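FYI, it's all coordinate maths here, none of it is from the lab. Here the structure is a predicted model, which is why all the values come from computation and not from measurement. A quick note on method: Cβ atoms are made from the backbone with ideal geometry, for glycine too, and the neighbour counts reach across all protein chains shown.
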Amino acid sequence: MNKIASFQVDHTKFGVGMYISRIDGDIVTYDVRMVKPNGGVYISNPSLHTIEHLFATFARNSEFKDNVIYVGPMGCRTGFYLLTRNMNHKDAIKLVKDSYKFISEYNDEIPGLSEIECGNYLEHDLESAKKDVLPLLEKLENYTPDMLDYSWHFEKK
């Protein structure tokens with residue numbers, strides 16, 4: 001089998017940030033990296049699950065809701081994938097920043113938090129989720145579309 005695109009990126013050369021993973025026609029897959037790959041610190045499953053619920057809910061209710069195809073966690077527990085359609089990169093950065101700010105300040109019931117709505121409704125951790133989004137939120141403060149290219153970060157090291 002062919003090696004997929006995300007396995008062709010040198011994970012030792014980048015850290016916390018947002019990157020373009022691939023572009024397929026009008027669909028862009030963003031790599032929303034919250035911790036350094038293979039850095040020894042990973043997002044706990046309960047936190048990741050809570051971030052997923054809040055990120056997906058916020059994104060699908062935002063001004064960009066019609067452009068959001070998918071929000072989902074990475075199996076390696078280092079971040080999320082965000083798939084968009086017909087959305088410019090500046091707006092994608094704004095969406096992630098706004099979503100993570102929302103999560104960092106969230107103090108209400110987690111959306112979809114019932115046995116009927118969620119397949120693992122007992123495994124959530126809002127307080128950890130609020131803390132876990134902060135490093136990326138800080139990193140995205142002055143992020144530009146140029147910085148979405150992995151190689152931009154490789155050259156800066």
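Quick notes on this one:
- Considering only Cys118, His49, Gly39, and ranking their Cα positions along the charge dipole of segment 10-156 that arises from unit charges at the beta-carbon of Lys, Arg, Asp and Glu, the one farthest toward the positive end is Gly39.
- Distances between placed amide hydrogens fall under 5 Å for Ile69 paired with Leu83, Thr84, Arg85, all partners being 5 or more residues away or on another chain.
- Sequentially through segment 128-133, phi angles give Karplus couplings (6.51, -1.76, 1.60; θ = phi - 60°) of 5, 4, 4, 7, 5, 7 Hz, Gly and Pro residues having no value and appearing as x.
- Remark: segment 14-20, residue by residue, has Karplus-estimated 3J(HN,Hα) of 9, x, 4, x, 10, 9, 7 Hz, where x stands for each Gly or Pro and the curve is 6.51 cos²θ - 1.76 cosθ + 1.60 at θ = phi - 60°.
- Ranking of Met87, Met74 by neighbouring Cβ atoms within 10 Å, starting from the fewest: Met74, Met87.
- Residues of segment 75-106 with an amide N closer than 14 Å to a point placed 7 Å from the Cα of Glu123 along the Cα-to-Cβ direction: 75-77.
- Entry note, segment 10-156: relative contact order of 31 percent, from Cα contacts under 8 Å with a spacing of 6+ residues.
- Toward the positive end of the charge dipole of the chain, with +1 on the Cβ of Lys and Arg and -1 on the Cβ of Asp and Glu, the farthest Cα among Asn61, Val16, Asn86 is that of Val16.
- Rounded to whole Hz, the Karplus (6.51, -1.76, 1.60) HN-Hα couplings of segment 109-114, x for glycine and proline: 5, 5, x, x, 9, 8
- Distances between placed amide hydrogens fall under 5 Å for Ile20 paired with Asp31, Asp149, Tyr150, all partners being 5 or more residues away or on another chain.
- Magnitude of the charge dipole, the chain, Cβ model with Lys/Arg +1 and Asp/Glu -1, debye to 20: 640
- Total lysine pairs in the chain at Cα distances under 16 Å, for residues eight or more apart or on different chains: 22.
- Inter-label distance for Glu141 and Arg22, nm, one decimal - labels placed 7 Å from Cα along Cα-to-Cβ: 3.4
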